[in-house]
Amino acid sequence: MLFLDKKNRLKLIHQMYRDACLSIALALMCSLAPAIAHAASHSASKTVLVLGDSLSAEYGLARGTGWVALMEHRLQEKKIIARVINASISGETTSGGKARLDKLLTQYQPDVVIIELGGNDALRGLALGASETNFRDMVAMSNKAKAKVLLVGMQIPPNYGRDYTERFFSLYGKIAKESKSALVPFLLQGVADQPQLFQPDRIHLIADAHPAMLDNVWPHLLPLLTSNTK
């Protein structure tokens, strides 16, 4: 550099400075890449479709107090950008959910489908084989639409017979395992044995029970929303 004239020395110094800045910038970008990817997984907008029955449709509750509405609030609090479509209907069965699902998938193109059904099938004593087929079909339809599935498990009172009760409960785990879907073991965990949390019909829960229901769903839903892959 000592043998260069002033003009060329300045030119060389400028080049060296620019190269140094570029190296620093590249190193910084590489170090921040994991954090950027993690943040992107949270910031990318997701759509969650809830296909449920009265337990998700706020039966007997003031609007905005059910676990699905509470889930929307928690998503906002956690700064997870997601649109929640609550397509739940009181009295819905797996057959009815299956019949409606294709149109819902086309209309909303969800990233995650939460299937909270089956309780009404069991309460009506419907054949478990038919319920199982409907669950399998709903999972397959959702996966075909590139949506992840979260199955929400239910239990029924033992007065329906031990065999029927156990086979019904095991249905959810069986299908989740075979289809590699996420599973909430039991939506009413921690509240089903609390009589004071039920409405007079002894079937539906009061608003005070729904935060616990959301807590049962949340740890299984969150990984589906923060994953980089659809």
ask   = assigned to a strand (DSSP E or B) and modelled with pLDDT of 95 or more, is that true of L51?
value = yes
For segment 66-90, pairs from a residue that is closer than 20 Å to P219 by Cβ to a residue that is assigned to a helix (DSSP H, G or I) and polar (S, T, N, Q), with Cβ under 8 Å and 6 or more apart or across chains, are I80/T226; I81/S43
The residue from N120, N159, N216 that alone is closer than 19 Å to R100 by Cβ, in a helix (DSSP H, G or I) and open to solvent by 10 Å² or more (accessible area, probe 1.4 Å) is N120
E92 fails exactly one of (1) crowded, with 23+ Cβ neighbours inside 10 Å; (2) among the charged types (D, E, K, R); (3) not in a loop (DSSP other than H, G, I, E, B), namely (3)
Condition set charged (D, E, K, R) and closer than 23 Å to F168 by Cβ, scope segment 84-125, selection modelled with the lowest pLDDT: answer is R124
Checked pairs for segment 127-139, first of a type in the set (K, R), second part of a helix (DSSP H, G or I), C-beta under 9 Å and 6 or more apart or across chains, list as R136/I175; R136/E178; R136/S179
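If I go through segment 167-195 residue by residue, how many of them are over 20 Å from the mean Cα position of the chain (by Cα), exposed (fewer than 13 other Cβ atoms within 10 Å of the Cβ) and either not in a helix (DSSP H, G or I) or not small (G, A, S) (or both)?
Qualifying residue count for the region: 2.
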Problem set entry | Flag for L75 being farther than 14 Å from P211 by Cβ and crowded, with 17+ Cβ neighbours inside 10 Å | yes
Given the conditions (1) open to solvent by 60 Å² or more (accessible area, probe 1.4 Å); (2) in a loop (DSSP other than H, G, I, E, B), every one holds for A99 apart from (2)
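The values are calculated or read from the model by the stated rules, or taken from the named source; none is laboratory data. Model, not experiment: these values are computed from the prediction. Note that we place each Cβ from the backbone using ideal geometry, even for glycine, and neighbour counts take in every protein chain shown. We work out accessible area using only protein heavy atoms, side chains counted, and drop any ligands, DNA or RNA first. Shrake-Rupley method; radii C 1.70, N 1.55, O 1.52, S 1.80 Å.
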